[in-house]
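Peer 1: Okay, handing you the structure first.
The values are calculated or read from the model by the stated rules, or taken from the named source; none is laboratory data. From a predicted model like this one, the values you see are computed outputs, not experimental measurements. A quick note on method: Cβ atoms are made from the backbone with ideal geometry, for glycine too, and the neighbour counts reach across all protein chains shown. Quick note on the areas: whole protein, heavy atoms, side chains included, nothing else; ligands and nucleic acids left out. Shrake-Rupley method; radii C 1.70, N 1.55, O 1.52, S 1.80 Å.
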Amino acid sequence: MSRVGNAPIQIPSGVTVETSGQEVRVSGPKGQLQMVVEPQIKVNCSDVVVIERKSDDKKSASLHGLTRSLVNNMVVGVSEGWAKDLELVGVGFRVTSSGDKLNLIVGFSHPVEIVAPEGIRFEVLENTKIRVLGIDKYLVGQTAANIKKVRVPDVYKGKGIRYQGERIRKKPGKAGKVTGKI
């Protein structure tokens with residue numbers, strides 16, 4: 001039995017969870033999310049949400065805990081929201097925002113502009129710190145990864161865009177060639 005899948009999901013005040021067939025809709029103060037559940041899984045809603053599987057085969061067992069985590073992420077997203085913090089490390093690296101766009105100056109000959117997808121909001125905390133906010137955990141993480149992909153941290157100097165608190169393992173540089181004549 002799945003320990004994750006069997007745990008009930010507590011519904012905070014202000015959040016409603018509705019099911020119709022295989023579709024689950026979660027709405028709360030920050031917005032609304034929906035997903036389609038696989039046919040092997042059944043979602044029961046009352047004062048708590050309970051995820052059950054219809055059979056004990058391997059596919060159903062693997063989907064049990066996954067579905068429970070996805071529904072829980074939806075509940076947390078519409079009640080509290082999700083956030084990822086990024087930081088720019090490098091001389092002259094900075095970020096500015098204008099509306100739903102980020103302008104990154106990260107050592108290229110031109111600034112890089114990133115437009116926020118639907119349901120995502122950017123906050124510039126300092127000129128080198130970005131916060132990606134939204135209610136969909138997957139979309140927040142994917143948007144942060146796309147921003148990081150603009151300038152992945154260099155393994156020799158550590159310059160680039162990284163998640164806040166991420167440690168980069170630096171490689172030692174190439175040793176100079178010893179030129180000595182005998």
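Peer 1: What number of residues within the range 26-66 satisfy the criterion of being of a type in the set (D, E, K, R), free of Cβ contacts under 8 Å to residues at least 40 places away in the same chain and part of a strand (DSSP E or B)? Walk me through how you get there before you give the answer.
Peer 2: We begin by selecting, within the range 26-66, every residue of a type in the set (D, E, K, R); these are 30, 38, 42, 47, 52-54, 56-59.
Then drop every residue that is not free of Cβ contacts under 8 Å to residues at least 40 places away in the same chain, which leaves 38, 42, 47, 52, 54, 56-59.
Next cut, part of a strand (DSSP E or B) only: 42, 52.
Here the count works out to 2.
Peer 1: Select from the range 15-40 the residues that are under 27 Å from L133 (Cβ atoms) and either open to solvent by less than 60 Å² (accessible area, probe 1.4 Å) or among the aromatic types (F, W, Y) (or both) and list them in ascending order.
Peer 2: V15, V17, E23, V24, V26, S27, G28, G31, L33, M35, V37
Peer 1: On to the next question. Within the range 162-181, is even one residue exposed (fewer than 12 other Cβ atoms within 10 Å of the Cβ), small (G, A, S), out of contact with any strand residue (DSSP E or B) (no Cβ under 6 Å at 6 or more places or on another chain) and outside any loop (DSSP other than H, G, I, E, B)?
Peer 2: Among the residues of the range 162-181, not one is exposed (fewer than 12 other Cβ atoms within 10 Å of the Cβ), small (G, A, S), out of contact with any strand residue (DSSP E or B) (no Cβ under 6 Å at 6 or more places or on another chain) and outside any loop (DSSP other than H, G, I, E, B), which makes the answer no.
Peer 1: Another question about this same structure. Every residue in the range 41-74 that is buried (at least 17 other Cβ atoms within 10 Å of the Cβ) and not hydrophobic (A, V, I, L, M, F, W, C), please.
Peer 2: R53, S60, H64, G65, T67, R68, N72, N73
Peer 1: Further question on the same structure: Considering each of G160, G173 in turn, give the residue that is under 22 Å from the mean Cα position of the chain (by Cα) and over 30 Å from G31 (Cβ atoms).
Peer 2: Exactly one residue qualifies, and that residue is G160.
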